[in-house]
Structures are given as structure tokens and as C-alpha cells.
Amino acid sequence: MSKPEFVYVIYIHATPEKIWQALINPEMTKEFWGRHRNASDWKPGSPWQHQNYDDANDVSVTGTVVESHPPRRLVLTWASSNSSDVSRVAFDIDEFMGSTKLTVTHSELSIEAMRGISAGWPAVLSSLKTLLETGASLPMTRQHWRKAG
């Protein structure tokens, strides 16, 4: 039986380069991703961590960079600190009619992970879009998110 995947497509009025930088730059991720930073050198095979911006020892997600083709495609493995499941996230960034299409495909998910991912990605990606288009992210994503359960 195959595991579910979550696909989210959003159109952003920004260049692929700006979207790429927003995904990997800790000063930007803290604004739209629940006050977290993504830390890595972004080379294939390298580790990456989704760290609390204010305490780098507080890591909520770890993984490995599978593919890195700036500014078009980034693929990561994804393992939450509270689960042994490992999933995979692909960010595909394509120019489209003067804007950019960002497709996030989070695959190989457990049912439990699918619930969290389905709530998290729309908020994070909506805030990313708002940040890049207006200069300010959504207020809810500039603060730490409480863990459910």
C-alpha cells in the first residue's frame, strides 16, 4: 500500500531566485515558518535541520538534502523529532507568465504526518507568498507555533 502525499501549488509574484533564497535564508524563514530557520550548506548529501530561530539546539525536523538545483528544485528528506517516520519534500520552482509557480510535494507520509502537514504547509506557503509580495509575512507565522497534543 502506498503512502499518501500532499501537493500544494501556489503562484507568487517574485523571481525563482527570491523564492529559493526565502526557503534557505534563516532571516527569511523565521518570518514565515513559525520562527524557525532551515540550516544546511544545501549540497546534495548534506544534513539539514529545521531549528528554533532563538535556540538552535531545539530542532523539530531533520533530514538530508537529496537534490539541490538553485533556483529550480530542492528535495529533502524530512524526519520530525517526535516520530520515526521519514518522508520527502520537493520544492519545484518554475517561472509562469511573469510570476513563479511553487509546487511543494510532501510524499511518503504516514496518516498522522499527513494531518499535520495538511494544516502546516498552507499557512507557511501563504505567509511566504505574502512576505515576498508585500514585504511582511502573516503575523501568525512570525511567532513560535505550539505543538499539538
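Every number in this text was worked out from the coordinates using simple rules, so none of it is lab data. The model shown is predicted, which means the values in this text are computed figures rather than measured ones. Every residue, glycine as well, gets a Cβ built from its backbone with ideal geometry; the counts of neighbours run over all protein chains shown.
Across region 121-143, the number of residues qualifying as surrounded by 15 or more Cβ atoms within 10 Å (Cβ to Cβ) and in contact (Cβ under 8 Å) with a residue 24 or more places away in the chain comes to 14. Taking region 40-64 as the range and being of a type in the set (A, V, I, L, M, F, W, C) and closer than 24 Å to P122 by Cβ as the test, the residues that pass are W48, V59, V61. If a residue has to be of a type in the set (S, T, Y), surrounded by fewer than 20 Cβ atoms within 10 Å (Cβ to Cβ) and under 12 Å from the mean Cα position of the chain (by Cα) to count, how many in region 1-55 make the cut? Of the residues in region 1-55, 1 are of a type in the set (S, T, Y), surrounded by fewer than 20 Cβ atoms within 10 Å (Cβ to Cβ) and under 12 Å from the mean Cα position of the chain (by Cα).
Listed by position, the strands (runs of 3 or more DSSP E) contained in region 11-94 that have at least 3 residues being of a type in the set (S, T, N, Q) are 47-52, 55-69.
Determine whether region 100-111 contains at least one residue that is over 19 Å from W78 (Cβ atoms) and not in a loop (DSSP other than H, G, I, E, B). The answer is yes; a qualifying residue exists.
Restricting L76, L132 to those that are within 26 Å of I12 (Cβ to Cβ) and touching a helix residue (DSSP H, G or I) at 6+ places or on another chain (Cβ under 7 Å) reduces the list to L132.
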